[in-house]
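Reading through the structure tokens given below for one structure.
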Amino acid sequence: MTSIMEHLASTAAIAEAERWTAHNYHPLPVVIAEGSGAWVTDIEGNRYLDCLAGYSALNFGHRHPTLISAAQEQLNRVTLTSRAFLHDQFGPFCRELAELSGLGDDAMVLPMNTGAEAVETAIKVARKWGYKTKGVPRDEATIIVAANNFHGRTTTIISFSTDPEARADFGPYTPGFVIVPYGDLDALTDAIDASTVAVLLEPIQGEAGVLVPPDGYLAGVREACTRHNVLFIADEIQSGLGRTGATFAVEHEGVTPDMYLLGKALGGGIVPVSAVLARSDVLGVLRPGEHGSTFGGNPLACAVARAVVGLLRTGEFQRAGRDRGDVLHRRLNGLVGHGVTAVRGRGLWAGVDIDPALMTGRQACERLLRAGVLVKDTHGSTVRFAPPLVVSDDDVNWAVDRFADVLAG
Ligand SMILES: *Cc1c(COP(=O)(O)O)cnc(C)c1O
């Protein structure tokens, strides 16, 4: 039970954060002190089921023992060398990730830290590939992206966002991007011309509300890219690494992109780790000095990410994404007509539209918080459910029961 003193401590902690930090987020009023598996505990001692999982950065849950011990062992050895030198985790990490991808014998890996850096890396690689390999005249390359995308927060990336909150007042914008509606294969194919070097897409649009494209869309994009000699870049930063019940969301359509962008879960919820994965004829265009990062591919990051790859190699987490996801979707679909207007998603990842006459997404999140479930709203009336893949069926059922209570008032 929460004491008055604990509750006061929580109120003070919220006020302190509010006063001393830039207001670039609007967090729910909870101050987390501990996490284990799918559950977290706040500074008042209340427990919550984490149904956001750090936007999929916590696919393996909080403090997965295998990942924690990999980090601890590496902390006792060496943590940073810079890329000026090699270290003993670097080659093995790149090889193991390449092997997991199934891209084949000529796959290459470029490790970075954040997802946005992986996207920036892909943009640079695609442009250089366009000039050096495809023969596009210098500085004329364009990249096709989808409306309502989310690829990160840098000035170049927000240049091709269609979200006014992400974009307005942050110009001037980087040119070279063409925006087409998501899921419309004809619009995408029509937009390809001689200057097109790449198509950059999320296989499922996460921040947009967990939008799954129509069947055949990704396969059609693959086919169009191959036909026009254009790189297909799959941003799997949120959709990849088990979330949808597969290692990569593109697998659901049997598609292999030219570049995979990975992040979030690759760092095991411990350190930021991102990576670009591609064949050597694509990533091989980079020469020494043209791109890099001080922390990218550091020993601690590589040790943790190797342990992540090891977990994924078992297939256990992809299976959990599928099986727990079936329960989640079956239960959420049962709420359609009872305060829910639509449920989308794949695997252990759902976007739920709440009847706006009932409450906003934010209000639903606040009420779920009081009921012991952490979720996050997006775009007004959508709430996302994406618990760690280590969640139990009972936990999933319990969370949906709490959601049903909230909707019932
Ligand atoms: C989160 C996310 C990013 C950006 O990752 P950061 O680590 O926050 O920079 C890029 N693409 C997608 C699809 C994401 O979900």
Check your understanding: Using every alpha carbon pair in the stretch 137-293, what percent of pairs falls into each 5 Å bin from 0 up to the bin containing the largest distance?
Key -> 2, 9, 16, 22, 22, 17, 9, 3, 0
Revision key, fill the gap. Projected area averaged over all directions for the convex hull of the alpha carbon atoms of the stretch 281-409, nm², comes out at 11.3
Revision key, fill the gap. Relative contact order in percent for the stretch 66-313 (Cα pairs under 8 Å, 6+ apart) equals 31
Review point. According to the square roots a ≥ b ≥ c of the eigenvalues of the Cα gyration tensor, what is the shape class of the stretch 79-210, taking rounded for a/c under 1.5, prolate for a/b larger than b/c otherwise, and oblate for the remainder?
Key: prolate
Review point. Given H placed 1.01 Å from N in the peptide plane, which residues other than close sequence neighbours of VAL340 have an amide H under 5 Å from its amide H?
Key: ASP355
Point to revise | Rounded tilt (10° steps) of 299-313 against the dominant C-alpha axis of the chain | key: 80
Check your understanding: How big is the Kirkwood radius of the chain, worked out from every pair of different alpha carbons and given in Å to one decimal?
Key -> 22.1
Check your understanding: When the Cα centres of the stretch 1-55 and the stretch 255-323 are compared, how far apart do they sit, in Å?
Key -> 30
Practice item. At most 13 other Cβ atoms within 10 Å and a DSSP loop assignment: could you name the GluC sites (Glu not before Pro) in the stretch 108-181 that fit? Key: GLU140
Practice item. Excluding residues on the same chain fewer than 8 positions from LYS128, give the aspartates and glutamates whose Cα lies under 14 Å from its Cα. Key: GLU120, ASP139, GLU140, ASP281, GLU290
**Study point:** DSSP loop chymotrypsin sites (Phe, Trp or Tyr not before Pro) with at most 15 other Cβ within 10 Å: longest gap in the chain
**Key:** 174-409
Check your understanding: With a Cα-only, solvent-free Debye model of the stretch 245-333, what are the log10 I(q)/I(0) values at q = 0.22 Å⁻¹?
Key -> -1.22
Review point. In the stretch 66-313, what percent of the accessible surface is made up of carbon and sulfur (1.4 Å probe, ligands and nucleic acids excluded)?
Key: 52
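The values are calculated or read from the model by the stated rules, or taken from the named source; none is laboratory data. From a predicted model like this one, the values you see are computed outputs, not experimental measurements. All Cβ positions, even for glycine, are placed from backbone atoms using ideal geometry, and neighbour counts span all protein chains on display. The area values use the complete protein model at the heavy-atom level, side chains included, leaving out ligands, DNA and RNA. Shrake-Rupley method; radii C 1.70, N 1.55, O 1.52, S 1.80 Å.
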